[in-house]
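Have a look at the structure below before the remarks.
Just so it is clear, none of the values below were taken in a lab; they were calculated from the coordinates. As the structure is a computational prediction, the values presented were derived from the model and not from experiment. Backbone-built Cβ (ideal geometry, glycine too); neighbour counts: all protein chains shown.
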């Protein structure tokens with residue numbers, strides 16, 4: 001799954017989409033380098049509950065999808081946004097089919113407010129206007 005031996009895998013997490021469908025993700029430290037695999041990914045700020053250490057909360061920072069997790073999953077401005085909001089976790093759901101990945105990404109984005117997806121939307125608007 002991952003390439004780096006220092007990568008940390010956390011317990012799996014389930015995110016619900018606007019459709020009500022539940023999507024199970026594997027949670028990894030943000031520095032994890034992956035082998036080439038297609039996936040939907042959710043960049044979060046993971047905080048562990050200090051009272052139990054068995055639970056963690058995830059602040060939604062960015063939702064995306066890719067045909068290849070080995071490629072960078074953000075631009076420099078997106079990584080700057082990730083750092084600004086304390087991103088430390090990437091949650092992945094392996095899905096080979098592109099149409100299914102896009103559908104899951106859109107389902108999640110319809111429900112979850114993220115800090116950095118709006119930046120991507122603004123950049124796309126300016127790219128198409130030129």
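If you plug the beta carbon distance of residue 75 and residue 100 into 1/(1 + (r/R0)^6) with R0 = 25 Å, you get a FRET efficiency near 0.55.
If R0 is 25 Å, the Cβ-Cβ spacing of residue 83 and residue 49 corresponds to a FRET efficiency of close to 0.60. In this rough spin-label picture, where each label sits 7 Å from Cα along the Cβ direction, the residue 16-residue 59 distance is 2.3 nm. According to the Cα-based calculation, Rg over Rh for region 9-129 is 0.96, with Rh computed by the Kirkwood formula.
Residue ranges 64-77, 98-111 sort as 98-111, 64-77 when ordered by packing (mean number of other C-beta atoms within 10 Å per residue, highest first).
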